[in-house]
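J.: Sending over a structure as C-alpha cells; questions will come in a sec.
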C-alpha cells in the first residue's frame, strides 16, 4: 500500500511540475532529501520557473533546524539565471591578497587592483566581483575571506576560487534581483540541516517542534471554511488526548490542509 501511495503522489507531482515520475525519484533521492510531497512539488516548481536544473546541481534544497524549506543555488546557478537576461553584459572578479595594491570605492563604482603576480602576495583577505548590465551601472560586491572561509574541502584546496564565487554570487543576485534562492556560501550544512554561517545550530526538542507545527496548522486554517477549521481542530485535539500527536502526524495534517485549501 505504501508503495502505491508513493506512486500516486509522484504522479500528481509530475502532472503539476512536468517532471517525469523517474526524474522526481532521482531529485528526491539526491537534492531534495527529507521533504514532504508538497515541499517537493514547491521545490520542483521553483526549479522549473527559474530555469535551473536540479540534475546539473544548479539548484537544490535543505531544511533548517525549524523545518523551514530553503532553496539553494551556487555561483553556477545564479550565473545561469543572470545569463537568461538579455541585459547581462559580463562578469569580472578577483581575489585580493595582503600585498596587493588595492582600492575600492563602491559608491563611485571604482576599483584599483594591482596584484603582485609572480611574488608572494600574502594571505587572501577577500574578493570582489563586478557585474555589468547593458542598461545601467555595474554592481560591485566584496566578500571577506575570514567571514566565509569554511576551512575544509575546496576552501582548503582552492581558497581563491571559492571566495570569488561568494562575491560573484552576491553580485549576480543583487544585479538581477534574483529572489527565492539562497546562496550556498551563506550557510553551513550539518546532518542535512542548514544554518547561517557563523551561527550555532541549536537543536529544538520534539515538544518545541510540535508546538511550532500546531501554530502552522492554526495559521493555515485561520481563514479556511468552518468545515475545514472544525475538522482539523478536532483532529488535533483527539490526537493530543490519545497521546499520538507527533511531528510526523502534524506534517501529514499540514499537507492535507494545503491540498484542501
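J.: Would you mind stating whether residue 91 is under 21 Å from residue 51 (Cα atoms) and either exposed (fewer than 11 other Cβ atoms within 10 Å of the Cβ) or touching a helix residue (DSSP H, G or I) at 6+ places or on another chain (Cβ under 9 Å) (or both)?
T.: Answer is yes for this residue.
J.: Still on this structure, I have one more. Does residue 53 satisfy being free of Cβ contacts under 8 Å to residues at least 12 places away in the same chain, surrounded by fewer than 21 Cβ atoms within 10 Å (Cβ to Cβ), part of a loop (DSSP other than H, G, I, E, B) and over 13 Å from the mean Cα position of the chain (by Cα)?
T.: Yes; evaluated as a whole, the condition is true for this residue.
J.: Still on this structure, I have one more. Working only within segment 213-229, note down all residues that are loosely packed, with under 15 Cβ neighbours inside 10 Å and over 22 Å from residue 66 (Cα atoms).
T.: Scanning segment 213-229 gives 223, 225, 226, 227.
J.: When segment 230-248 is examined, which residues are found to be surrounded by 15 or more Cβ atoms within 10 Å (Cβ to Cβ) and within 32 Å of the chain's Cα centre (by Cα)?
T.: If we filter segment 230-248 for residues that are surrounded by 15 or more Cβ atoms within 10 Å (Cβ to Cβ), which is where we start, we get 231-232, 235-236, 239, 245.
Hits for segment 230-248 are 232, 236, 245.
J.: Which residues, taken from segment 57-84, are over 12 Å from the mean Cα position of the chain (by Cα), in a helix (DSSP H, G or I) and under 22 Å from residue 39 (Cβ atoms)?
T.: 81
J.: Against the condition on the phi > 0 side of the Ramachandran plot, without any contact (Cβ under 8 Å) to a residue 60 or more places away in the chain and exposed (fewer than 15 other Cβ atoms within 10 Å of the Cβ), how does residue 198 come out, does it pass? Outline the logic, then answer.
T.: On the way: on the phi > 0 side of the Ramachandran plot: yes; without any contact (Cβ under 8 Å) to a residue 60 or more places away in the chain: yes; exposed (fewer than 15 other Cβ atoms within 10 Å of the Cβ): yes.
Yes.
J.: Would you point out the residue of segment 144-162, among those that are in a loop (DSSP other than H, G, I, E, B) and surrounded by 11 or more Cβ atoms within 10 Å (Cβ to Cβ), that is modelled with the lowest pLDDT?
T.: 150
J.: Among the residues that make up segment 210-225, is at least one of them part of a helix (DSSP H, G or I) and assigned by TED's automatic domain parsing to the domain that holds residue 53?
T.: Scanning segment 210-225, I find no residue that is part of a helix (DSSP H, G or I) and assigned by TED's automatic domain parsing to the domain that holds residue 53, so the answer is no.
J.: Now a separate question. Which residues, counting only those in segment 99-112, are surrounded by 12 or more Cβ atoms within 10 Å (Cβ to Cβ), closer than 17 Å to residue 145 by Cα and either in contact with a strand residue (DSSP E or B) (Cβ under 6 Å, 6 or more places away or on another chain) or outside the structural domain of residue 161 (by TED's automatic domain parsing) (or both)?
T.: Hits for segment 99-112 are 102, 104.
J.: Counting just the residues of segment 114-143 that are exposed (fewer than 13 other Cβ atoms within 10 Å of the Cβ) and in contact with a strand residue (DSSP E or B) (Cβ under 7 Å, 6 or more places away or on another chain), which one comes out farthest from residue 102 (Cα to Cα)?
T.: By that ranking, first place goes to 134.
The values are calculated or read from the model by the stated rules, or taken from the named source; none is laboratory data. No experiment lies behind these values; they were computed from the predicted model shown. Glycine also receives a Cβ, built like all others from the backbone with ideal geometry; neighbour counts cover every protein chain displayed.
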